[in-house]
Amino acid sequence: MPRVKLSSDKTTAPTESPLLARIISSLDDDKAEDIVTIDLSGRSSLCDAIVIATGRSARHVASLAENLARRLKEWGLSGVRVEGLTQGDWVLIDAGDVVVHLFRAEVRTYYDLEGMWSVGEKSGLRPQKTERVGSAA
């Protein structure tokens with residue numbers, strides 16, 4: 001799948017692509033919780049980053065996924081694939097360079113993707129918690 005470069009109004013970190021920044025912003029706008037980014041650039045041919053986030057209920061997870069899929073298409077990204085939308089427990093959105101996993105809290109704890117990827121901490125793979133802009137501490 002070809003890489004897509006999107007412009008962004010927000011300043012992004014050097015390793016954060018505009019697509020990744022937009023995905024995180026979309027999830028944050030829709031009140032996703034515990035957004036975590038795992039940078040895989042240069043380490044995987046599958047994708048450059050994984051985003052993991054939690055929804056408050058199955059309906060919230062499905063809504064997050066539907067809104068993000070719609071926005072990705074609006075941004076001109078074609079071939080976006082969504083899996084698991086009907087159940088709403090774990091929805092995977094394949095946006096090419098970024099793969100998004102949306103979970104209900106119990107399901108996220110059970111599968112522990114962050115723990116699975118932390119096996120690679122010796123090689124520099126570390127999940128990064130994304131700070132919610134404008135949230136109270």
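Points worth noting:
- The range 24-80: relative contact order as a whole-number percent, Cα under 8 Å and 6+ apart: 29 percent
- Within the full protein context, the accessible area of TRP90 is estimated at about 80 Å² for a probe radius of 1.4 Å.
- Loop-located trypsin sites (Lys or Arg not before Pro) in the range 14-52 whose Cβ has at most 14 other Cβ within 10 Å (DSSP): LYS31, ARG43
- One chain, two ends: SER41 and THR86. Fully extended at 0.36 nm per residue, the span grows by 13.1 nm beyond their Cα-Cα distance.
- Residue-count net charge about VAL107 - beta-carbon cut-off 15 Å; Lys, Arg +1, Asp, Glu -1: -3
- A simple count of charges around ALA49, restricted to other residues whose Cβ falls under 9 Å of its Cβ and scoring Lys, Arg +1 and Asp, Glu -1, yields -4.
- Around ALA69: net Lys/Arg minus Asp/Glu count, Cβ-Cβ under 14 Å: 0
- Isotropic mean projected area of the C-alpha convex hull, the range 42-122 (nm²): 5.7 nm²
- Counting only Cβ charges, +1 for Lys and Arg and -1 for Asp and Glu, the dipole size of the range 31-94 around its Cα centre is about 200 debye.
The values are calculated or read from the model by the stated rules, or taken from the named source; none is laboratory data. Predicted model, so just to flag it, every value in this text is computed and none were measured. No Cβ is skipped: glycine too gets one built from the backbone with ideal geometry, and neighbour counts run over all protein chains shown. Note: accessible area is taken over every heavy atom of the protein model, side chains too, but ligands, DNA and RNA are not part of it. Shrake-Rupley method; radii C 1.70, N 1.55, O 1.52, S 1.80 Å.
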